[in-house]
Amino acid sequence: MANLRVQLPGLDMKNPVIPASGTFGFGYEFAKFYDINCLGSMMLKGTTLEPRYGNPLPRIAEGPSGMLNAIGLQNPGVDAVMSEELEKLRPLYTDKVIANIGGSAIDDYVETARRISAHDMVGALELNISCPNVHAGGIQFGTNPEMAGEVTRAVKAVSQKPVYVKLSPNVTDIVAMAKAVEEAGADGITMINTLIGMRFDIKTGKPIIANKTGGYSGPAIFPVALRMVYQVSQAVSIPVIGMGGIASGKDAIEMMIAGASAVAVGCQNLIDPYACPKIIEEMNEILDDMGINDIHEIIGLSHQW
Amino acid sequence: MANLRVQLPGLDMKNPVIPASGTFGFGYEFAKFYDINCLGSMMLKGTTLEPRYGNPLPRIAEGPSGMLNAIGLQNPGVDAVMSEELEKLRPLYTDKVIANIGGSAIDDYVETARRISAHDMVGALELNISCPNVHAGGIQFGTNPEMAGEVTRAVKAVSQKPVYVKLSPNVTDIVAMAKAVEEAGADGITMINTLIGMRFDIKTGKPIIANKTGGYSGPAIFPVALRMVYQVSQAVSIPVIGMGGIASGKDAIEMMIAGASAVAVGCQNLIDPYACPKIIEEMNEILDDMGINDIHEIIGLSHQW
Amino acid sequence: MKNYQGMMTIVSKRELVKDVFEMVLEGKAARFIQAPGQFINIKINDSLQPYLRRPMSICDYDDNHITMIFKVVGEGTKILSQKNIGDQLDCLTGLGNGFQDFQAKKAIVIGGGLGVPPMYKLAKTLKEQGVEVQAVLGFNSKDDVFYQEEFMDICPTFLATMDGSAGVQGTVLDAIQAHQLVFDKYYACGPEKMLDACVMAYPENGYLSFEARMGCGFGACMGCSCKVKTKPYKRICVEGPVLMSSEVIIGG
Amino acid sequence: MKNYQGMMTIVSKRELVKDVFEMVLEGKAARFIQAPGQFINIKINDSLQPYLRRPMSICDYDDNHITMIFKVVGEGTKILSQKNIGDQLDCLTGLGNGFQDFQAKKAIVIGGGLGVPPMYKLAKTLKEQGVEVQAVLGFNSKDDVFYQEEFMDICPTFLATMDGSAGVQGTVLDAIQAHQLVFDKYYACGPEKMLDACVMAYPENGYLSFEARMGCGFGACMGCSCKVKTKPYKRICVEGPVLMSSEVIIGG
């Protein structure tokens, strides 16, 4: 069986499979399905300085091979996440987790990062500068290289843990965004966040999602994610955690071939709560069939062409 | 049965269903399947000043609910299109067609437009400033508002027919692009072109498409297209022809509810050569069920919310 | 076998009224159901279409069977209605809190339209617990009525239809008043309008089962959170679908 | 009935060798086929997965039947191989130019691997036209050989395998030389490497059937255009899949 262990800043992972933020709650919900210690790490639900209820319902719509969501960063706030949610997770998961940080203003990001980066269970931060579902809620940081660099620099200055920046695909030049956050000191990049989409009720003409627009994710966005990871992983020297529509071990391997050093699994956790363990198993089988001994052999395999 | 007739600059269409450029050849290929006079209009294969062979093979890859293509503007050149392709089409189609113009430099666009806009069968031009598959081939015009305005203005100056500009979704701010071409004199907007994507052969790590990246289209991109048409149709006063993953009459109606004054059907023509007549029939049935007498009642129906 | 998940086989299927189907599923996953009012979340196809699972209320169940009743309203339910006996479905079962408080002398179960099914197993359970049960079932019209006989076999059952073509004309509340029904606890499932009306008419001693568009059905995506008086929010899929009347925020 | 399109029913299915299936389809759409070497394009599922049709060569046909042979190489062919007798498939038929020139005294049909099937109907047609036919079939190894008997019933048939486990060791060209086969016209279908080798060995009097990833299969998308000596390009799906040896540009 191939070696799946990968080391990334702040994360020593037994395998490169990570549930993506917002599709895994704070982890413990999945412990009733399987032993979550099989996971390389996990990205926690987006956390803000203050508690947020988020957007009105409906927050979910469906698309071909994907779904739209507009949750709006619902979370109990950073203090409650540390004192309650992470304590519920502590007995269930022994490796380090990735805290996902959201916000509307730089000061929010900074203070949230300062507090949660001090938590012993947190191995790294994921700076979400690309949430499409919060008005004045980060998206502007995710589409402007200067602002992306600015918030990254500010968070890096206070974080006790490595900082990964989550990039939005809704930009003209994803490489410029990646270089900006690398230059600002990011330890890694996670990508891609959701594509902004909409659906309408044809009877009333009303947008199905109360927030009108939502973030589109699932297999439908996989080819876009592969392309952007391919471009960015060749343009920066920090590791990229690839995500966007990964639904199988084959998808995960294709994403790493594109240049990802690890993968995050999003929507598929919602369709199949057993998605992550299945994907880890499938990766093992495929690597064995391919006669590959170490997962590192396939990372960026496409760059030679 | 509801009135489906829509009038757009240069086009008096018996219904709002138009096969999209690049999925319908020069029209006559489909005459062996059905009487193409049932179509509101048709968008011809992208035409350039000089003949182009296009990209090496493979040019096609598959994705979840969609396909990637990198044809590279293969076409026999504007003169052969007028003297040969359109003459083959003439006996088969009586309404006006939309000539799609591609290029690498403004002069190419201008000269191609000058020539083909004089053709009697051509009712309007579609200016493709967003082809993702030609290196230095239009895409830069499609991502920069100033350059988009510049090429639009230049083509408008010589065109004898109304000019529609085809927008790329691979931008941060689609509304800025739309406003730029409107301000430059565009008579209409067609959107969206394809999303840039990739797929890889996991055995070799090689990109499946010889051009490496390809344009991703099909139902997978439908929610993104709906969102962009919704945003643009409210920001400009010229009509929008909506496209991107329309595969059914219901999809077509949802696209018009989003704000499109007509729709273009792309990939679905490749999956089902009978797609367009089926979609026209389905639209009639749905409008009857909804008790709608005129298609205009649903155009932009979502904007009230 | 995996927790909460399993393949279940369609062993019976019948159309009760136009577009409303009763389906009985057989499989071990049924044993994860612990209370009436819990729901199952079904992967309609093993393809990507439709993409999301479809949450379905449970009408009746035992250790190896689940009876569900659904109406064809869209692509997913249409495909489901075309499945045949013997076909298998990937199901997540035992989801949600369900109805757990059976402490009552005289209870009333209120079902509106597709909210009727979960009331069936609930009525049977209450009766087993020695509670005196009455049922009020609301429909749009006579042609939409289903499961009336099934309820009558369990308890006194009263009908309401909006057009008056069967039972009392009007809402379930009109029927309760018309028949001057007395109760010390009520349980309701139906359209949000109906549930809101119940809460306004009877703010106390009620349990109401709510619906919401869900991403996952098991608490991961926060797609179905609604505001309640007792907490900042509850997830319909985990802390719900059953809420206490006293904690419901109308339009929450 | 629609031109070129129709639902066809699977009436027989058998695994010839590992992962290689022969399937017979029945339906009126078969009558649109006009020449051996034409192909059909199949919608494997009525769902969005897989999205594209799958082009398949035609091994044999009559007015109401199509025999095809395919190998399970990916998702689409895997799903197709799991279809059952009685299942229906949405097919576009009679696509491509096919083999149309049967003017020969002594012809040789050359099939490599999954390029063997279209040679079968071609060999039968040539024989009917009074042409003396010989067949050379190339495979990787003995275990991959299929349809040898079927060809032997029609004409002298020679085998080549890369590992020498059956027939001549080497390529189809090695077999032609080893048996010193004489011919005034040849027809070939197989991997691009094999076709290129044929063109280099025999630049004249040959017809070769090429493969390409296709978007549509009927000339709309330009996804399969290849450069040829006679025109700027030919679409494999319309002006092909059969090209003359004299017009082929190696690696075109």
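The values are calculated or read from the model by the stated rules, or taken from the named source; none is laboratory data. In this text the structure is predicted, and so the values were computed from the model without any measurement. Every residue, glycine among them, receives a Cβ derived from its backbone with ideal geometry; neighbour counts consider all protein chains shown.
Residue under question is residue A:302, and the condition is that it be in a loop (DSSP other than H, G, I, E, B) and of a type outside the set (A, V, I, L, M); does it hold? If you could, list the steps in order and put the result at the bottom.
Numbers: in a loop (DSSP other than H, G, I, E, B): no; of a type outside the set (A, V, I, L, M): yes.
When the stated conditions are applied, residue A:302 does not pass them.
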Only one residue in D:84, D:45 is more than 24 Å from residue D:149 (Cα to Cα), touching a helix residue (DSSP H, G or I) at 6+ places or on another chain (Cβ under 7 Å) and within 14 Å of chain C (Cβ to nearest Cβ). Which one? D:45
Of (1) in contact with a Phe, Trp or Tyr (Cβ under 6 Å, 6 or more places away or on another chain); (2) over 17 Å from residue B:25 (Cα atoms), residue B:44 satisfies all except one. Which? (2)
Scanning for something among the hydrophobic types (A, V, I, L, M, F, W, C) and under 24 Å from residue C:221 (Cα atoms), does region C:17-27 turn up at least one residue? no
Show the residue pairs that are 6+ apart or on different chains and have beta-carbon atoms under 9 Å apart, the first residue being within region A:78-99 and under 22 Å from residue A:163 (Cα atoms), the second being basic (Lys, Arg) and in a helix (DSSP H, G or I). A:78/A:115; A:79/A:115; A:82/A:115
If you scan region C:212-248, which residues turn out to be surrounded by 24 or more Cβ atoms within 10 Å (Cβ to Cβ) and among the charged types (D, E, K, R)? C:235
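Select, from D:228, D:242, the only residue that is at pLDDT 95 or above and either in contact with a Lys or Arg (Cβ under 6 Å, 6 or more places away or on another chain) or under 28 Å from residue D:91 (Cα atoms) (or both).
D:242
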How about region D:11-52: which of its residues are surrounded by fewer than 20 Cβ atoms within 10 Å (Cβ to Cβ), among the hydrophobic types (A, V, I, L, M, F, W, C) and closer than 24 Å to residue D:240 by Cβ? D:35
Failed condition for residue A:290, given (1) surrounded by fewer than 16 Cβ atoms within 10 Å (Cβ to Cβ); (2) away from every other protein chain (no Cβ under 12 Å): (2)
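Please verify whether residue B:24 is in contact with a strand residue (DSSP E or B) (Cβ under 8 Å, 6 or more places away or on another chain) and crowded, with 24+ Cβ neighbours inside 10 Å, treating the condition exactly as stated. Give the steps one after another, and end with the answer.
Values: in contact with a strand residue (DSSP E or B) (Cβ under 8 Å, 6 or more places away or on another chain): yes; crowded, with 24+ Cβ neighbours inside 10 Å: yes.
Judged against the criteria, residue B:24 is a match.
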Could you figure out which of (1) away from chain A (no Cβ under 13 Å); (2) of a type in the set (D, E, K, R); (3) crowded, with 22+ Cβ neighbours inside 10 Å isn't true of residue B:251? (1)
Taking region C:172-191 and keeping only residues that are under 16 Å from the mean Cα position of the chain (by Cα) and farther than 18 Å from residue C:99 by Cβ, one is left with C:191
Residue list for region D:53-72, filter: assigned to a loop (DSSP other than H, G, I, E, B) and either within 14 Å of chain C (Cβ to nearest Cβ) or free of Cβ contacts under 8 Å to residues at least 40 places away in the same chain (or both): D:63, D:64
I need the full set of residues from region A:58-107 which are closer than 28 Å to residue B:64 by Cβ and away from every other protein chain (no Cβ under 14 Å), in order please. A:98
Are any of the residues in region B:170-192 in contact with a strand residue (DSSP E or B) (Cβ under 8 Å, 6 or more places away or on another chain), touching a residue at least 24 places away in the same chain (Cβ under 8 Å) and basic (Lys, Arg)? no
Filtering region C:202-219 down to residues that are within 12 Å of chain A (Cβ to nearest Cβ) and either touching a residue at least 40 places away in the same chain (Cβ under 8 Å) or closer than 17 Å to residue C:42 by Cβ (or both) yields C:211, C:212, C:213, C:214, C:215, C:216, C:217, C:218
Please go through region B:27-57 and pick out each residue that is buried (at least 19 other Cβ atoms within 10 Å of the Cβ) and at the interface with chain D (Cβ under 8 Å from one of its Cβ atoms). B:29, B:30, B:33, B:45, B:54, B:57
Please state which one of B:142, B:197 is modelled with pLDDT under 95, within 14 Å of another protein chain (Cβ to nearest Cβ) and buried (at least 24 other Cβ atoms within 10 Å of the Cβ). B:142
Single residue of region D:155-199 satisfying the filter (in contact with a strand residue (DSSP E or B) (Cβ under 6 Å, 6 or more places away or on another chain) and among the acidic types (Asp, Glu)) that is surrounded by the most Cβ atoms within 10 Å (Cβ to Cβ): D:174
Within region B:207-233, take every residue that is of a type in the set (Gly, Ala, Ser) and touching a Cys at 6+ places or on another chain (Cβ under 9 Å) and give me the one that is nearest to the other protein chains (Cβ to nearest Cβ). B:218
Looking for whichever is buried (at least 21 other Cβ atoms within 10 Å of the Cβ) and of a type in the set (Val, Ile, Thr) here; the options are D:110, D:79. Which one fits? D:110
Restricting attention to region D:53-66, does a residue exist that is charged (D, E, K, R) and surrounded by fewer than 17 Cβ atoms within 10 Å (Cβ to Cβ)? yes
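Return the only residue of D:31, D:14, D:54 being in contact with a helix residue (DSSP H, G or I) (Cβ under 6 Å, 6 or more places away or on another chain) and assigned by TED's automatic domain parsing to the domain that holds residue D:84.
On the way: D:31 fails: in contact with a helix residue (DSSP H, G or I) (Cβ under 6 Å, 6 or more places away or on another chain); D:14 fails: in contact with a helix residue (DSSP H, G or I) (Cβ under 6 Å, 6 or more places away or on another chain).
Criteria check complete, one pass: D:54.
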